[in-house]
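Take a look at the structure below.
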Amino acid sequence: MTKLEALLADLTSGDETRAEGAVPGLVELGSEAFPALRDLLNSADADQRWWALRTLAQSPQTQTEWLLPLLNDPVPEVRQAAALGLSGHPAEAAISPLIRALSDADSMVSGLACNALVEIGKPAVPALLEMPKDVPQMARINAIRALAEIADHSAIPALMAALEDDSVMIQHWAEEGLERLGLDMIYLKPE
């Protein structure tokens with residue numbers, strides 16, 4: 001049994017301790033392990049898909065496009081791992097899929113997608129500003145949070161409008177974003 005085969009056996013063993021122990025070795029193997037890990041991304045076993053994502057997310061050589069399809073996985077934990085992995089591999093190609101993931105039924109996927117958009121930074125701002133108004137509340141909150149954390153001046157009108165939103169969370173993130181942009185809330189709040 002080769003080192004790669006042994007590490008893959010541990011990764012797919014169903015034993016979390018063995019699987020976690022295999023991750024650094026697989027990352028160290030780099031491109032030698034990629035074909036097998038990418039095959040596992042298509043496994044019928046959600047646990048194997050999750051561990052493949054977990055491993056690929058740790059590799060600096062991982063391509064963003066390998067992770068993107070898993071944002072649509074039927075299993076929330078796999079979608080969570082994909083969104084988390086994209087935080088470590090921020091790329092403009094991920095913006096549209098991450099914007100869609102803000103509306104995921106799983107709130108953790110939405111929050112992790114927000115984090116990944118923040119990691120992408122200013123290139124994500126136009127797509128965040130163009131989000132439809134009829135998305136779920138969590139998507140709206142996380143979109144405003146992303147705009148607040150990115151702190152791009154082009155988001156000021158949207159952040160100002162969000163101050164009038166019915167959601168206290170949206171108002172909070174709008175205030176936070178405007179403060180990060182150096183705007184004094186004393187002068188912005190309606191009397």
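Screening L37 against (1) open to solvent by less than 30 Å² (accessible area, probe 1.4 Å); (2) not in a helix (DSSP H, G or I) leaves a single unmet condition, (2). Do we find that T2 is in contact (Cβ under 8 Å) with a residue 24 or more places away in the chain and either under 23 Å from G111 (Cβ atoms) or open to solvent by 50 Å² or more (accessible area, probe 1.4 Å) (or both) in this structure? Here the answer is no, as T2 does not meet what is asked. Counting only helices (runs of 4 or more DSSP H) that fall entirely inside the stretch 75-191 and contain at least 3 residues that are among the hydrophobic types (A, V, I, L, M, F, W, C), open to solvent by less than 60 Å² (accessible area, probe 1.4 Å) and out of contact with any Cys (no Cβ under 7 Å at 6 or more places or on another chain), the qualifying elements are 76-88, 95-101, 107-120, 125-129, 137-150, 156-162, 168-180.
Scanning the stretch 51-69 for residues that are in a helix (DSSP H, G or I) and surrounded by fewer than 22 Cβ atoms within 10 Å (Cβ to Cβ) yields a total of 8.
The values are calculated or read from the model by the stated rules, or taken from the named source; none is laboratory data. Predicted model, so just to flag it, every value in this text is computed and none were measured. FYI the Cβ positions are ideal-geometry reconstructions off the backbone, even for glycines, and counts take in every protein chain you see. Quick note on the areas: whole protein, heavy atoms, side chains included, nothing else; ligands and nucleic acids left out. Shrake-Rupley method; radii C 1.70, N 1.55, O 1.52, S 1.80 Å.
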